[in-house]
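Read the structure below first, then the notes.
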Amino acid sequence: MTASVPPFHPGSPEEPLGYDPSAVEARWRQRWVDRGTHSVDLTNGARPFYALMMFPYPSAEGLHVGNLFAFTGCDIYARFQRLQGHTVFEPLGYDAFGIHSENFALKVGKHPMELIPSNIRNFRRQLDRAGLMVDWGRSVDTTDASYYKWTQWVFLQLYKQGLAYKKAGAVNWCPSCKTVLANEQVIAGACERCGTMVEQRFLEQWFFKISDYAPRLLTNLDTLDWSATTIQAQRNWIGRSEGAKLRFRVLDPLTDAGSSAVAVTTEMRTAGPEIEVFTTRPDTIFGATYLVLAPEHPLVDTLTTPMQSGVVAEYRARAAKQDLVTRKTNKEKTGEFTGSYAVNPATGEMIPIWIADYVLMEYGTGAIMAVPGHDERDFEFATVFELPIIRVVAGEGQGARTPFDGAAYTGDGVLVNSGAFDGVSVGEGIAKITAWLASKQAGEAVTNYRLHDWCISRQRYWGPPIPIIYCDACGTVPVPEDQLPVVLPNIPDFRPDDSGVSPLARHEEWYRVPCPQCGQKARRETDVSDTFLDSAWYFLRYPSVGRDDVAFDPAVTKKWLPVTTYIGGNEHAVLHLLYSRFITMVLHDAGMLDFEEPFTRFRAHGLIIRDGAKMSKSKGNVVNPDEYIEQWGADAFRTYLMFLGPFEEGGDFRDGGISGVKRFLDRLWATVRDADPAASADPEVQRKLHATIKKVGEDVPSLSYNTAIAAMMEYMNVLRKGERQPARAEVEPLVQLVAPFAPHIAEELWEMMGHGTSVFASRWPAYDPALLESDTIELVVQVGGKTRGKVRVAKDVSQDAALAAAKADSAIGKFITGEPKKVILVPGRLLNVVV
RNA sequence: GCGAGAGUGGCGGAAUUGGUAGACGCGCGGGACUUAGGAUCCCGUGCCGCAAGGCGUGUGGGUUCGAGUCCCACCUUUCGCACCA
């Protein structure tokens, strides 16, 4: 915690008599616990409202302002809903497994099992201090066996449905650290910790078949009340694209090897295999002059001719050695010819088959038909290797022979050099050519998704062991549900080694177990699961915390789920939210949930920045919430965070700004203290009060916290204008409006005004629409579109009367020269006189 | 490159269906109370100008009685995805 001390002025700011935030806040923290204010009756609570926030990773650094910003925003929303008469369930827990904790533990030389509990204690202290309405009786800690028992159970449900399977997948491997790395840990092809160049390894991994759910995950998005940016991100990630799968017949490599002069005709019968490609542009098939397979494509061995086998093997080895990130970033085209040819089903011509790393095994079929005339990447490749480029689409002003000007033409147009399809538009051509090729058994229309299966294996220590046992006789056997949890053993040597498998694989005493089916010697799966699995179902657990016999109780789940409102960061727009939706759908399909979308409403909050940059230790601009809360109180800090800017966009943290919010709370305190209990409300003040109740009541549910606070400040200025003495009736509702933002002081003031129960047991004040308007208004007068002044007139003034009033006003009248050409009256707003 | 968003005072940010641009707060200036003020309270504060007035929402056009808001072109910038065929 260096360089994070904000430049406070020495000495505490002076507070109005009696207002000591730390004393007030301590008192109410205790009362809330004593009175059980935040523990919810899940069985009988009326009008259930599940307010969810994204649970934090309990780091050793402690709570980040970003966390507090998100939690406060959620808490305000939840407290507001409570004042609306809902029974609000606001749980919070800890997402404490994963590579972050593990790496940190390795760095400081402590064991995560010792580190995490102390981090959690510190988090809990900070969270309590912030005044959140959290029901701590129902918290979760993903690293606790009572929780991950059910995470393992979730895995088994997927396994049962055939949605969990094992296959070899590519991972990043650091040969120096001897460990698997996540893509984010690879910086420019090197390991982020030691700088060694990272390689690719193929390891057997467990996957979840989320790709089966791609169409549903996509179409359901239309039914969700979510932030538009989040929906968009999911759409892009799922990446639906329509096109065709086309089959290219391969010429027999043995027959044709080395005889490039052979005349190939469509009549030539060959016994070779077929290559399937995916394309979104089947209309351009007449321009497909070669095929490209991913280096990892299973057909490469069969296709490679003896003459080419040396260079191909070398190229494949190089591609395999390269890490995944660099391969996808490096755009220079490389590749090798396999020596084989295929037949273009449209032209009947012989085209060469290449391999190149710009074709990815994980997308489509791992093979493409290259149309260099109309695809930029293929154009680059064809240029490098001098392959033929044919025009098959002509845009405006182009013809069949228009040369390419150093680039592919990817625009719209009509087909040319395409036999019977010449003159057909691109759009029509896609459908017609697909149908034509389908009639020749050479392909069919398909929809492809970018989303690929979710790899959940981690060759690491700090996670829930995957509940699988391998038996020589019975094969892969799931751990029976009644034998869960598979407890993660406390081992001192949890550092990964060069074996490429989890540290647990070094512990024979742990992984040697009898087969649950036959009793013979067997071994446990030694990989642990991805942290995203822990968080993909935690919201199902909260209401059922304490139940050791089920993951989630059907009755309580039916009452409380799906989540009413989820508020969280858009950094989880894709993975966490998508995985949660997937797991929910799977459990729904298994008949365990009666809904298939877990989060009815989701809102993404913005990011807090400071000095124009994201807060980070390396930039030295991190704010320590403890110091601010100590200095200003949690109420002021909460309100200030919300006042920085629009909640959904984030804000710029400036040290000086909090004083304005604190002053507002001080004035609120003084106003209650000085209020005259007997006086009746001043009509003008009351009008403003009702306008404020309306405004705040509209702004809070739309998360416009900054403008809600501004409105309350504005009201305070009216209330105390010229040091007037306030009437109690004028300030009492304001205390209720402030309550969601600054709950401690609101409780204290509510009590000071003689209420025996919590302000949160009161109901949100109502406003009287009749009080909002007065009989006269200030009408803005423009002359020729320029504002010249304003006149006070009756609310429903006629145009003529308004014009007369404007002329009568000397400051305005002098601009009205001659007879007006046109007069526009916007009732209640303005008058524009055109001269 | 693709997708989504954002450009408004010294600063963070407000602005209903197109209808007083700059709410609210910070900062700054003046005053009151004070031994004192970095506390509190009051008043002021977009820019130019003594004033009348003029000019102002990234740039250039357009629509309109009237544009921060709508349309066209462009510039800058943030975030996400990125050789996705």
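Table for the structure above
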| item | result |
| --- | --- |
| Members of segment A:344-379 that are more than 7 Å from RNA strand B (Cβ to nearest atom), in a helix (DSSP H, G or I) and surrounded by fewer than 22 Cβ atoms within 10 Å (Cβ to Cβ) | A:E376 |
| Residues of segment A:224-250 satisfying the condition of being among the hydrophobic types (A, V, I, L, M, F, W, C) and surrounded by 14 or more Cβ atoms within 10 Å (Cβ to Cβ) | A:L224, A:W226, A:I231, A:A233, A:W237, A:I238, A:A244, A:L246, A:F248, A:V250 |
| Filtered residues of segment A:710-755 (kept if within 12 Å of RNA strand B (Cβ to nearest atom) and charged (D, E, K, R)) | A:E714, A:R720, A:K721, A:E723, A:R724 |
| Elements of type helices (runs of 4 or more DSSP H) contained in segment A:164-277, each with 3 or more residues being more than 13 Å from RNA strand B (Cβ to nearest atom) and either modelled with pLDDT of 75 or more or on the phi > 0 side of the Ramachandran plot (or both) | A:214-219 |
| Hits in segment A:511-521 (condition: crowded, with 18+ Cβ neighbours inside 10 Å and either modelled with pLDDT under 95 or not hydrophobic (A, V, I, L, M, F, W, C) (or both)) | A:Y511 |
| Close pairs from segment A:360-381: first among the polar types (S, T, N, Q), partner within 8 Å of RNA strand B (Cβ to nearest atom), Cβ under 6 Å, at least 6 apart | A:T365/A:V277; A:T365/A:F278 |
| Residues of segment A:411-421 classified as touching a residue at least 12 places away in the same chain (Cβ under 8 Å) and out of contact with any helix residue (DSSP H, G or I) (no Cβ under 8 Å at 6 or more places or on another chain), total | 2 |
| Subset tally (residues that are surrounded by fewer than 14 Cβ atoms within 10 Å (Cβ to Cβ) and of a type outside the set (D, E, K, R)) for segment A:380-394 | 2 |
| Qualifying residue in segment A:303-315 (condition: within 15 Å of RNA strand B (Cβ to nearest atom) and surrounded by fewer than 23 Cβ atoms within 10 Å (Cβ to Cβ)) | yes |
| Test: residue in segment A:308-326 that is in a loop (DSSP other than H, G, I, E, B), under 22 Å from A:L387 (Cβ atoms) and in contact with a Ser or Thr (Cβ under 8 Å, 6 or more places away or on another chain) | yes |
| Where a residue in segment A:88-99 is on the phi > 0 side of the Ramachandran plot and surrounded by fewer than 24 Cβ atoms within 10 Å (Cβ to Cβ) and its partner, wherever it lies, is of a type in the set (K, R) and in a loop (DSSP other than H, G, I, E, B), with Cβ under 9 Å and at least six apart | A:G98/A:R460 |
| Selected residue (criterion: modelled with the lowest pLDDT) from residues of segment A:25-63 that are under 25 Å from A:F89 (Cα atoms), touching a helix residue (DSSP H, G or I) at 6+ places or on another chain (Cβ under 7 Å) and of a type in the set (A, V, I, L, M) | A:L63 |
| Filtered residues of segment A:663-688 (kept if away from RNA strand B (no atom under 11 Å from the Cβ) and either of a type in the set (V, I, T) or not in a helix (DSSP H, G or I) (or both)) | A:V672, A:A675, A:D676, A:P677, A:A678, A:A679, A:S680, A:A681, A:D682, A:V685 |
| In segment A:316-327, the residues that are without any contact (Cβ under 8 Å) to a residue 24 or more places away in the chain and either within 14 Å of RNA strand B (Cβ to nearest atom) or farther than 25 Å from A:V250 by Cα (or both) | A:R318 |
| Residues satisfying the stated conditions in segment A:819-829, i.e. of a type in the set (A, V, I, L, M, F, W, C) and within 12 Å of A:L803 (Cβ to Cβ) | A:V823, A:I824, A:L825 |
| Output for segment A:793-828, where each listed residue is closer than 11 Å to A:V781 by Cβ and either in contact (Cβ under 8 Å) with a residue 40 or more places away in the chain or touching a helix residue (DSSP H, G or I) at 6+ places or on another chain (Cβ under 7 Å) (or both) | A:V793, A:A806, A:K807, A:I812, A:G813, A:I816, A:V823, A:L825 |
| Condition check for A:T447: among the β-branched types (V, I, T), farther than 27 Å from A:I238 by Cβ and surrounded by fewer than 17 Cβ atoms within 10 Å (Cβ to Cβ) | no |
| Residues of segment A:590-625 satisfying the condition of being under 27 Å from A:G131 (Cβ atoms), away from RNA strand B (no atom under 16 Å from the Cβ) and buried (at least 16 other Cβ atoms within 10 Å of the Cβ) | A:F599, A:T600, A:V622, A:N624, A:P625 |
| Tabulated pairs, segment A:698-720, first in contact (Cβ under 8 Å) with a residue 40 or more places away in the chain, second of a type in the set (D, E, K, R) and within 6 Å of RNA strand B (Cβ to nearest atom), C-beta under 6 angstrom, 6+ apart or interchain | A:M716/A:R667 |
| Residue within segment A:27-49 that is free of Cβ contacts under 8 Å to residues at least 60 places away in the same chain and within 19 Å of the chain's Cα centre (by Cα) present | no |
| A:R401 within 23 Å of A:G427 (Cα to Cα), more than 7 Å from RNA strand B (Cβ to nearest atom) and without any contact (Cβ under 8 Å) to a residue 24 or more places away in the chain | yes |
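Conditions tested, residue by residue: (1) within 12 Å of RNA strand B (Cβ to nearest atom); (2) among the polar types (S, T, N, Q); (3) within 30 Å of A:K694 (Cα to Cα); (4) at pLDDT 80 or above.
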residue: A:R763; (1), (2), (3), (4): no, no, yes, yes
residue: A:T776; (1), (2), (3), (4): no, yes, yes, no
residue: A:L803; (1), (2), (3), (4): no, no, no, yes
residue: A:V823; (1), (2), (3), (4): yes, no, no, yes
residue: A:V834; (1), (2), (3), (4): yes, no, no, yes
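Matching residues to (1) at pLDDT below 95; (2) closer than 16 Å to A:L92 by Cβ; (3) aromatic (F, W, Y):
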| residue | (1), (2), (3) |
| --- | --- |
| A:I120 | no, yes, no |
| A:M133 | no, yes, no |
| A:S139 | no, yes, no |
| A:Y147 | no, yes, yes |
| A:V154 | no, no, no |
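Condition check ((1) polar (S, T, N, Q); (2) part of a helix (DSSP H, G or I); (3) loosely packed, with under 15 Cβ neighbours inside 10 Å) across all residues:
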{"site": "A:L641", "(1), (2), (3)": "no, yes, no"}
{"site": "A:G645", "(1), (2), (3)": "no, no, no"}
{"site": "A:V661", "(1), (2), (3)": "no, yes, no"}
{"site": "A:H690", "(1), (2), (3)": "no, yes, no"}
{"site": "A:S702", "(1), (2), (3)": "yes, no, yes"}
{"site": "A:M712", "(1), (2), (3)": "no, yes, no"}
{"site": "A:N717", "(1), (2), (3)": "yes, yes, yes"}
{"site": "A:E730", "(1), (2), (3)": "no, yes, no"}
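The values are calculated or read from the model by the stated rules, or taken from the named source; none is laboratory data. Given the structure is predicted, the values throughout are model-derived calculations rather than measurements. Neighbour counts are summed over all protein chains in view; Cβ atoms, including those assigned to glycine, are modelled from backbone coordinates with ideal geometry.
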